[in-house]
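No value in this document is a laboratory result; all are computed from the given coordinates. Everything numeric in this text was worked out from a predicted model, so none of it was measured. Neighbour counts are summed over all protein chains in view; Cβ atoms, including those assigned to glycine, are modelled from backbone coordinates with ideal geometry.
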Amino acid sequence: MIDLPSYREQSPEVAAHLAEIRERPVVLTVGSVGRVFDSPQGDPIIALSKIEFAVHHREFISVIGPSGCGKSTLIRIVAGLDACTDGAVLLDGHPVVGPGSDRGMVFQSYTLFPWLTVRRNVMFGPSMKGVPRAQSEQQANEWLRVVGLSNFADHYPNQLSGGMKQRVAIARALANQPRILLMDEPFGALDAQTRCNMQAHLLQICASVDVTVMFITHDLDEAIYLSDRIVVLGAHPGRVLEIIDVPVPRPRSSEQFLSGPFLATKARLEELIHGRAAAHEQALAAQ
C-alpha cells in the first residue's frame, strides 16, 4: 500500500499561490443558497441547503459530488437560469436576478447555431450588444486564435469534431468578456482522449486570459487537474461537505496524476463522495 502524504500538506510554492489567490477581489459570492422544489406527492424536495463559498478573481474552482447533489442546479442559479429559495448569489457584490453577459455559460451539449459559421457563432454575443461588425469580427478572430481554431473560422459546426465544437463554445462565451465563466460538465460527452486534450486546452486558456472559472464535473481526476479549490457537495440534500485547497503545483501536467499530492487529494474526494454516499444508502436500506 502506498504511503500517501496528507491532502492538506502544501509545498511552499502551492501555499504561496493559494495565499495570493485569497488576496484577490471576490468575484462571486454564494451566500447560504438553498433551493427547494415542489413534488407531486406534496412533500418539498430540498435540492440545495446552505451552500456557501466565494470565488476570487482568476480562480478556478470546481464543484463535485455524487449524482443528485444539485451541482447543475447550483450552476443554473449562478447563471440566473434558476432562482434560489434561500440565500443569495452576488456577482461583484450585486445580486444575480437573471441571465447576463457578465456570466458566460458552457454546457455539456454543443449549443452552437448550426446555420452560422464558427466565426459568426463567436461574433453573436458582441453583435447582440451592438458592437460594430468589423470590431466583433476582429474580436472573434482573436478568440478563435486563443482556442486554436483560426483555420476553421469559416467552417460550420457540423464540420467540426466534438472537442472543436466545445472550443468554439468556450470562445463564444469568452467573447462577451464575462466576469466569470460557468462550465457545466463541458467535457462529459467527449471520448477519453479528446477530454484530456480539452483539459489541456482549458488550462492554456486560463493561463493566458483574464477569466474566473466555476466548473461542474463528476470526474475526480479532472477536478484535481484543473482546479485551485474544489467544493465537495453531499446529496439529499445538496450541501457542502468540504472545500479542498488542491495541493498540486502549477503549471499542471498529466505526469502529476501519479504524484503523492494528487493521489492524496483523490483519496480524500473518494472518501467524501463515495464513502458518504454508501453510508447514506445503507441508512435508507435500514429504514
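Observations on the model:
- Residue 19 being in a helix (DSSP H, G or I) and either in contact with a Leu (Cβ under 8 Å, 6 or more places away or on another chain) or within 27 Å of residue 206 (Cβ to Cβ) (or both): yes
- Test: residue in the stretch 172-182 that is more than 29 Å from residue 25 (Cβ to Cβ) and not in a strand (DSSP E or B): no
- All positions within the stretch 207-216 that are outside any loop (DSSP other than H, G, I, E, B) and surrounded by fewer than 19 Cβ atoms within 10 Å (Cβ to Cβ): 207, 208
- Identity of the residue in the stretch 217-244, out of contact with any Ser or Thr (no Cβ under 7 Å at 6 or more places or on another chain) and assigned to a helix (DSSP H, G or I), that ends up surrounded by the fewest Cβ atoms within 10 Å (Cβ to Cβ): 221
- Candidate set from the stretch 1-24 (those that are touching a residue at least 12 places away in the same chain (Cβ under 8 Å) and more than 22 Å from residue 242 (Cα to Cα)); member that is surrounded by the fewest Cβ atoms within 10 Å (Cβ to Cβ): 2
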